[in-house]
Amino acid sequence: MNNSSSDLRTQSIMDELSSFNKGGLFDFGHPLLNRIAESFVKAAAIGAIQAVSREAYFTAVEGTGIDNNAGGMPQEVSGAKKHRFSGLRGETGSISLEAMVKNTGKESFQWGLAAGIYSGLTYGLKEARGAHDWKNSAVAGALTGATLAVASEDSSHEQIVQCAITGAALSTAANLLTGIF
């Protein structure tokens with residue numbers, strides 16, 4: 001009898017895990033909230049992985065002693081190095097780790113925020129207009145881009161417009177190319 005109850009428990013856990021693809025990770029009672037939360041969590045995880053892997057790369061490159069001025073790294077990569085995590089040069093490893101965790105969290109939040117805003121806007125526009133097309137993607141991308149530009153540290157009018165145009169262009173292209181690939 002014990003054996004059958006453990007089989008049932010295992011089966012229900014496996015059913016739960018397989019239902020993630022069908023029902024999603026969250027159930028807040030409304031599809032809009034579920035979609036925003038799910039998009040936020042997934043993109044935040046991607047942002048964290050990207051931030052940590054970028055820091056690991058730059059740490060490894062510094063350890064090899066490659067001189068950026070001697071042409072060891074392309075300019076676009078060595079230029080990006082200037083914008084890496086500030087504060088990682090702590091006196092102790094715990095200070096460096098703390099700075100990396102804070103900066104990774106900040107970057108994860110930014111990625112999640114972008115995905116949550118975009119996902120919520122596309123869902124809302126689909127419900128309001130009754131269609132999901134490139135127009136919804138363009139508007140959602142533009143509003144998401146503008147929102148992220150406004151939330152950045154040094155946002156100017158030009159930066160807000162550029163981010164809105166870039167967001168609209170990327171999301172429209174993604175929507176139009178969805179059926180091709």
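If you go through the stretch 140-156 and keep only what is open to solvent by 30 Å² or more (accessible area, probe 1.4 Å) and either in contact (Cβ under 8 Å) with a residue 60 or more places away in the chain or closer than 18 Å to Arg35 by Cα (or both), you end up with just Leu143.
Just a yes or no: is a residue in the stretch 117-124 touching a Lys or Arg at 6+ places or on another chain (Cβ under 8 Å), touching a residue at least 60 places away in the same chain (Cβ under 8 Å) and either loosely packed, with under 14 Cβ neighbours inside 10 Å or of a type outside the set (Phe, Trp, Tyr) (or both)? For the stretch 117-124, residues touching a Lys or Arg at 6+ places or on another chain (Cβ under 8 Å), touching a residue at least 60 places away in the same chain (Cβ under 8 Å) and either loosely packed, with under 14 Cβ neighbours inside 10 Å or of a type outside the set (Phe, Trp, Tyr) (or both): present. For the stretch 157-175, how many residues are open to solvent by 100 Å² or more (accessible area, probe 1.4 Å) and within 23 Å of Arg35 (Cβ to Cβ)? Matching residues across the stretch 157-175 total 1.
Meeting the requirement of 2 or more residues that are modelled with pLDDT under 85, hydroxyl-bearing (Ser, Thr, Tyr) and over 21 Å from Glu153 (Cβ atoms), the helices (runs of 4 or more DSSP H) wholly within the stretch 17-134 are 31-64, 93-129.
The values are calculated or read from the model by the stated rules, or taken from the named source; none is laboratory data. The structure displayed is predicted, hence computed values, not measured ones. Cβ: placed from backbone, ideal geometry, glycine included. Neighbour counts: every protein chain shown. Only protein heavy atoms, including side chains, enter the accessible area calculation; ligands, DNA and RNA are left aside. Shrake-Rupley method; radii C 1.70, N 1.55, O 1.52, S 1.80 Å.
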